[in-house]
1. Collect residues whose amide H, placed 1.01 Å from N in the peptide plane, falls under 5 Å from the amide H of VAL4; neighbours closer than 5 in sequence don't count.
2. With the cut-off at 1.5 for a/c, could you classify the chain from its C-alpha gyration tensor as rounded, prolate or oblate?
3. How large is ³J(HN,Hα), in whole Hz, for each residue of region 7-19 in order, when computed from phi with the Karplus curve 6.51 cos²θ - 1.76 cosθ + 1.60 and θ = phi - 60°, using x for Gly and Pro?
4. Measuring with a 1.4 Å probe in the full set of protein chains, what accessible area per residue, in whole Å², belongs to the chain?
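The values are calculated or read from the model by the stated rules, or taken from the named source; none is laboratory data. In this text the structure is predicted, and so the values were computed from the model without any measurement. The accessibility values were calculated without ligands, DNA or RNA, using every heavy atom of the protein model including side chains. Shrake-Rupley method; radii C 1.70, N 1.55, O 1.52, S 1.80 Å.
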Amino acid sequence: MPHVIIKHFPKDLDEETRARLAARVSEAVQEAFGVRAGAVSIGLEPVEREDWDAEVYRPEITGREDRLVQFPDY
């Protein structure tokens, strides 16, 4: 605990970029929840652009303002 899933349009990230992303997200989660690095897991989940609305926006963003800490501007 905690587990973070980052859903995104498909993009190949090199190992350095993935490591930097993981480190920054992990650091923020550790600070916010007061946990050690080994307690944090992070996953990347690519979602095709044409599937975004049905798979992410409608079920996970629309009407979920009570759970979102940042709402998109689209």
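1. SER41, ILE42, GLY43
2. oblate
3. Residue by residue, region 7-19 yields 8, 7, 5, x, 7, 7, 9, 6, 4, 5, 5, 4, 5 Hz.
4. Accessible surface, normalised per residue, equals 80 Å².
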